[in-house]
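Read the figures in this text as sums done on the coordinates, not as results from a lab. What you are looking at is a predicted structure, and each value in this text was computed from that prediction instead of being measured. Note that each Cβ is placed from the backbone with ideal geometry, even for glycine, and that neighbours are counted across all protein chains shown.
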Amino acid sequence: MKIVGLDAVVFGVDDVAGCAEYLTDYGLIPVAATEKGGRFEALDGTSVIIAHASDERLPKAMETGSMLRKTVMGVADETTLKAIADELSKDRDVRYLEDGSIESVDDSGFVLGFQVTVRRSVEKMGELANVPGAPLQRAVNQLGVNDDAGQIHPRTLSHIVYFVPDVAKAEAFYVERLGFRCTDRFEGVGPFIQPAGTLDHHTHFLIGAPPHMKGVEHFTFHFGGPTEVLQNGSRFVEKGYQPFWGPGRHIFGSNWFWYFNSPFGCHMEMDADMDLHDANWVPRVSSLGADSSQTFLLGYRKKWAPGPDSTAKGDYA
């Protein structure tokens, strides 16, 4: 099935205004947003959609109280949409919505939407590095960073991480019913999985957890490169948002990351430069630990400059 990735994540929140401000400061673009909520888009049209938790248009909340109400996946064409509807309707309800999308649930109870993808092409170069001997580099006199640039906007919705009570059952649903495949796995924790319509290392990571924790650990958007993650993340911290983990670089997926606390009852990440894999890739298996979850981890500090009042090694006080 040609599922190309995540098109939207939908949340029911108590503080609509605060969530809207958070998403805008993160770099998403408000579209038809009002005091009741709205859609906040990346450059390609993928988005976070928010509404007040009491909004009757939202799917019913999970019994755990997770703010996530729905995960919407984009598909390549109407043929794929019909194939998904036919497959899922074998053993569960499938709703046809007015906008042409369909809605159902997975085997863990997460509400899923499927639609012909809204993704539009983003004609914008990503980050290039001037590496001696490399055939592809930035043009002469083209700057690697512009600190005077305006708001940095993410390119596309990247992935989501679920806490699931039965990770084997959850994985089987996505692999056997929707055509995903495992790309890497943390033994005893869960798999990174990739749908057939993308080469991204993963769009979902499934983590086994007690039933009362069912929900979202984090979700994230791809940025244009590590400099955008570090620059945008630094600005985010300076606006008062609290970092959770990072910046650093993962081993599985190789993506740069920086996680932040969010008002969505989960973490929200900024990421960049994820590995691409096709069917020739052989999944790796590793135990989960500090050394296997990142190749390095950095610590944020305020800007500093050398001068007569600073120490020779830098003022790290």
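Tilt of helix 78-88 relative to the longest C-alpha principal axis of the chain, in degrees (0 to 90, nearest 10)? The two axes meet at around 60 degrees. Note: segment 180-300, Cα convex hull, 113 Å³ per residue. Kirkwood radius for segment 228-292, taken over all pairs of different Cα atoms as the inverse mean of 1/r, rounds to 13.4 Å. Dividing the Cα radius of gyration of segment 48-105 by its Kirkwood radius returns 0.99 for Rg/Rh. Extending 7 Å from Cα along the Cβ direction at residue 97 and again at residue 131 yields two label points whose distance is 4.1 nm. In terms of Cα atoms, the Rg and Dmax of segment 118-162 work out to 14.7, 44 Å. Taking a point 7 Å from the Cα of residue 296 along the Cα-to-Cβ direction, the residues of segment 202-233 with backbone N closer than 15 Å to it are 226-227, 230.
The angle between the Cα long axis of helix 226-238 and the longest principal axis of the Cα atoms of the chain comes to about 90 degrees, rounded to the nearest 10. Relative to its Kirkwood radius, the Cα radius of gyration of segment 17-78 gives an Rg/Rh of 0.99. When peptides 128-139, 291-302, 237-248 are sorted by average Cβ neighbour count within 10 Å, with the highest value leading, the order is 237-248, 291-302, 128-139.
Eigen-decomposition of the gyration tensor built on the alpha-carbon atoms of the chain gives equivalent ellipsoid semi-axes of 33, 23, 20 angstrom, largest listed first. Simple point charges give the picture: +1 on the Cβ of Lys and Arg, -1 on the Cβ of Asp and Glu, and for the chain a dipole about the Cα centre of about 360 debye.
Of all the Cα-Cα pairs you can form in segment 116-207, what percent are over 20 Å apart?
I get 56 percent for the Cα pairs in segment 116-207 exceeding 20 Å.
Shape index of segment 33-165: Rg/Rh, with Rg the Cα radius of gyration and Rh the Kirkwood radius from the inverse mean 1/r over Cα pairs, equals 1.09.
With the helix formula -39500 (n - 2.57) applied to DSSP H stretches of n ≥ 4, the chain reaches a computed 222 nm mean residue ellipticity of -4000 deg cm²/dmol. Judged by the mean number of other Cβ atoms found within 10 Å, the most tightly packed of the peptides 194-201, 25-32 leads the ranking 194-201, 25-32.
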